[in-house]
RNA sequence: GCGCUCGUAGCUCAGCUGGAUAGAGCAACGGACUUCUAAUCCGUAGGUCUCAGGUUCGAAUCCUGACGGGCGUACCA
């Protein structure tokens, strides 16, 4: 469906083309009015065109309006101030838009006209250790972006580029060899109770025993040489660790496909060879590196991106390049999006540039989305009381417990089953929501109390708003969704009008959310619609006896639309709604 | 040194492809419950958008420079 802005834009463009040529058209022809006092929508182009047209802005505005026919959708068009053109919407048109949204399973949001194959690289923990809060943002943001793109109609590959290779694995392999020989005979029964402890125990032995340390180093060599028995132990370990990860993914309702770094092992020498042959990689202080323009060291000398170490080993740039080559050339993806911590920005810039030099990708094919740090309430990195790393599992369990307790406290008459459902949804959902309600790029402070607050921009507030629409159905004895496509809208009360406009503006918000990949924009919209619904709820009775049948049905229809928008919107960040909260 | 990034209300944060009087939540203060779930709503107050220049009819937004914080700076990821 065309959004109201787009509908207006098309008409303004038509009128404007009578005054100027097509390549003189400004970018933003129509925008929603910032202050509803002025208008619903406004056009600000007259001021900008004054110089080019050598006319007073007000005159241009008048000429534009003279050529403009919006009588079917606008109640009034007024010129104000220096040359703002203000549009006031016709109620019938607003109703038309809402009715269109009501009967569409996608709320009027169209699929993309150009579906692409898009890879989203996210989560990507290191298998040597248990997942911790450091993996949270990548997992949550990546999943949400994948959901956006899937909803848009793209083919999305959700890839878990797990760290399953490297020197730290030697130690762990040797530990299994010595302490858990059973694992080798019965790999299917092998389970690591606590990865963290396992790592710590291995590390301890490594530090204490010279013999063990040497054996560990040997294990790395064996591993890289592809020695069969060592590979078998490694595999056992990786699978056990991966199982841990997927327990967490299941808790968080996240779908992702694993493909470890080790999958690119065979490609590493090939990639370096490619770079050498193309003349991009050159020898530098015993290593091989690519000198890119614009990278300098302290002495203003060119700085290379190392792709092969002086000892012949490969490093992360090599692995990432191999993955890019594989993804672009073999998997033939149109685009790849990397969701990692913002500190890796420089690294990806370099790797992307090298890929472009090799013509594996074009500018824009590869995108790095860097997120800021998750900090504690005090503004310092989020840690346990004694300064340790917080395990992701522990965080999720605590979130669930806190939400469960809160529900018990506030709605004591609910059933145990309902408490549990709220614990899970509001707990895990709250973690997702508090993360995604902030802009991705900047650091944000995590605060338990804020995450679980019943007011403000939180998951609970939205869940509760949705539950209200369900409660209304129960009370009325009729599902509000039955009104979709059936009831006739009446928008007499200011709160009804405000809410109706907010619902319609989804059609404007969503395209920029998917274009810019900004979950926080979607969530602040959902919060606004929930707020407007609450105001409406308080001002506009629905089931009171004095309410006419028509008004009742119209208001139930509005409630149904709000419910559907919230249900859909939360699903875009991986939260399922509940009938009772 | 160089590069990236941030600086907006007491606090947490939006807004940053330039538009009218800079927004929201929390906290503060004042109101509304024999309720359609008050886990809510209505209202009040709160600002030199770090600072200084510049571009522009118009700057929180773009440019330059300072100041302050965070991060990155060749063989870790």
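Where a number appears in this text, it was derived from the coordinates with a stated rule and is not lab data. Bear in mind that the values here come from a model prediction, so they are computed numbers and not experimental data. Here the Cβ is made from the backbone with ideal geometry for all residues, glycine too, and neighbour counts use every protein chain on show.
Scanning segment A:358-398 for residues that are on the phi > 0 side of the Ramachandran plot and within 16 Å of RNA strand B (Cβ to nearest atom), we see that the one that is nearest to the chain's Cα centre (by Cα) is A:364. Scanning segment A:267-314 for residues that are in a loop (DSSP other than H, G, I, E, B) and within 19 Å of residue A:348 (Cβ to Cβ) yields one hit, A:280. Restricting to segment A:279-292, name every residue that is surrounded by fewer than 16 Cβ atoms within 10 Å (Cβ to Cβ) and more than 7 Å from RNA strand B (Cβ to nearest atom). Passing the criteria: A:279, A:282, A:283, A:291.
Is it fair to say residue A:8 is within 30 Å of residue A:483 (Cα to Cα) and within 16 Å of RNA strand B (Cβ to nearest atom)? Considered against the rule, which asks whether it is within 30 Å of residue A:483 (Cα to Cα) and within 16 Å of RNA strand B (Cβ to nearest atom), residue A:8 comes out as yes.
When residues in segment A:15-57 are screened for being loosely packed, with under 12 Cβ neighbours inside 10 Å, within 13 Å of RNA strand B (Cβ to nearest atom) and part of a helix (DSSP H, G or I), 2 of them pass.
Scanning segment A:565-581 for residues that are closer than 17 Å to residue A:482 by Cα and surrounded by fewer than 21 Cβ atoms within 10 Å (Cβ to Cβ) turns up A:567, A:579.
All conditions in (1) within 16 Å of RNA strand B (Cβ to nearest atom); (2) closer than 24 Å to residue A:215 by Cβ; (3) in a helix (DSSP H, G or I) hold for residue A:144, with the sole exception of (2).
Residue-level check: of (1) away from RNA strand B (no atom under 16 Å from the Cβ); (2) touching a strand residue (DSSP E or B) at 6+ places or on another chain (Cβ under 9 Å); (3) within 30 Å of residue A:320 (Cβ to Cβ); (4) touching a residue at least 40 places away in the same chain (Cβ under 8 Å), residue A:73 misses just (3). Number of residues in segment A:297-315 that are out of contact with any strand residue (DSSP E or B) (no Cβ under 7 Å at 6 or more places or on another chain) and surrounded by 12 or more Cβ atoms within 10 Å (Cβ to Cβ): the value is 1. Within segment A:245-268, if we keep just the residues that are touching a strand residue (DSSP E or B) at 6+ places or on another chain (Cβ under 8 Å) and over 13 Å from residue A:159 (Cβ atoms), the residue that is surrounded by the most Cβ atoms within 10 Å (Cβ to Cβ) turns out to be A:245.
Just one residue in the set A:314, A:295 is touching a residue at least 24 places away in the same chain (Cβ under 8 Å), closer than 24 Å to residue A:260 by Cα and within 13 Å of RNA strand B (Cβ to nearest atom); that residue is A:314.
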